[in-house]
1. Where in region 39-97 are there strands (runs of 3 or more DSSP E), lying fully within it, with 1 or more residues that are surrounded by 12 or more Cβ atoms within 10 Å (Cβ to Cβ), free of Cβ contacts under 8 Å to residues at least 40 places away in the same chain and among the charged types (D, E, K, R)?
2. Can you tell me which residues in region 98-109 are free of Cβ contacts under 8 Å to residues at least 24 places away in the same chain and in a loop (DSSP other than H, G, I, E, B)?
3. Restricting to region 13-34, count the residues that are out of contact with any Phe, Trp or Tyr (no Cβ under 8 Å at 6 or more places or on another chain) and either of a type in the set (A, V, I, L, M) or modelled with pLDDT under 90 (or both).
Amino acid sequence: MESVGFQKKYQVLNPFARDLWRTNQVVKIRLKKFGAKKRPDYRIVIQDARKPRDGETVEEIGQYHPIAEEGKQIIVDTERAKYWLSVGAQPTGIVKKLLNKSGLTVKGEAIAK
């Protein structure tokens, strides 16, 4: 039941990502916290839903700096975000808002730019 196209896409990723695809685990797009006390800094990452917030990630696709100037708060690799959304990664509520704010429209299952 494995698709050849899917297999080729996952060959370039690390073994952890391939295992997620094979076992049909839920992959989330979520924030990973960095920074110091009262100076938050987040990275937008692809992560297995069972892992802790600051645990092992599959890929980092962006950054969010809530304290920075309005135009410099969100940095996202939209191409990689579109790819992960197309293969079934589920963004958390906050990440969905950040992606919409950065210009990538995420409504339910629809993905557009």
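The values are calculated or read from the model by the stated rules, or taken from the named source; none is laboratory data. A quick note: this is a predicted structure, and the numbers were derived from the prediction, not measured. When we count neighbours, we look across all protein chains shown, and the Cβ atoms used for this are built from the backbone with ideal geometry, even at glycine.
1. So the answer is 39-48, 59-64.
2. Selection gives GLY108, GLU109.
3. Total meeting the criteria: 11.
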